[in-house]
Amino acid sequence: MGASPDVRGYPDIGALAFGAKGRFAVSAFMYAELYLVAIGFLILEGDNLDKLFPGTSLSLGGVLVLSGKHLFIVLVSIFILPTTWLRNLGVLAYVSASGVLASVVLVFCVLWAAVVDGVGFQGKGTMLNVSGLPTALGLYTFCYCGHAIFPTLCNSMKEKDKFSKVITNQ
């Protein structure tokens, strides 16, 4: 992106390298990936919330009944959708900070249960749960698909020359 001021995203990089066909190919793969990651996120959240709140259902006027995973997928969609309308990505810093806070609270709760409540850490169970492999792969895929927003993030920065500090944390 530093090579040309006209480059504002991955499709522009594809066009710079391979012309119009490069722009189309990069756009197709990038948007397909973003769409599938978003769908994966909704399914993941629906599964997790359904396990936390089993048997939950909602009746809308007696005509439509949403229950279980479907209900939570719709609710998460409604909750997340407004974040796609943000004009300034700086607002997402607060969302990110809440995620960091939630991670710290979660680690504290697990350590508290292990040390204070006497649950402890015992080596029980199996070493590899093959039936959980699809979920684990989905989590890893979701966690490492943030690269698609890097150009947007860079272009939204006031000081674009400091973008490398955002990535490398130096």
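For the reader, a short list of remarks on this structure follows.
- Based on alpha-carbon atoms, the Kirkwood radius and the radius of gyration of the range 9-85 give Rg/Rh equal to 1.24.
- Rg to Rh, two decimals, where the chain supplies the alpha carbon set and Rh follows Kirkwood: 1.05
- Taking Trp112, Trp85 and ordering them by how much accessible surface each has at a 1.4 Å probe, largest first, produces Trp85, Trp112.
- Taking the average, over residues, of other Cβ atoms within 10 Å as the packing measure, peptides 124-131, 18-25 rank 18-25, 124-131 from highest down.
- Overall, the range 9-85 carries a charge dipole of about 140 debye about its Cα centre when +1 sits on the Cβ of Lys and Arg and -1 on the Cβ of Asp and Glu, all other atoms neutral.
- For the range 9-85, with +1 on Lys and Arg beta carbons and -1 on Asp and Glu, the positive-most of Ala25, Phe72, Trp85 along the dipole: Ala25
- Cβ-Cβ FRET estimate between Val115 and Ser59, R0 fixed at 45 Å, reported to 0.05: 0.55
- Equivalent ellipsoid semi-axes, the range 73-124, via Cα gyration tensor eigenvalues times 5, rooted, Å: 35, 14, 7
- Over the chain, DSSP H runs of length four or greater, each weighted -39,500 (n - 2.57), average out per residue to a 222 nm ellipticity of -20500 deg cm²/dmol.
- Dipole moment magnitude, nearest 20 debye, the chain about Cα centre, only Lys, Arg, Asp, Glu C-beta charged: 280
The values are calculated or read from the model by the stated rules, or taken from the named source; none is laboratory data. Here the structure is a predicted model, which means the values were calculated and not measured. With ideal geometry, Cβ positions are generated from the backbone for all residues, glycine too; neighbour counts draw on all protein chains shown. Each accessible area value is taken on the protein alone, full model and side chains, heavy atoms only, with ligands, DNA and RNA left out. Shrake-Rupley method; radii C 1.70, N 1.55, O 1.52, S 1.80 Å.
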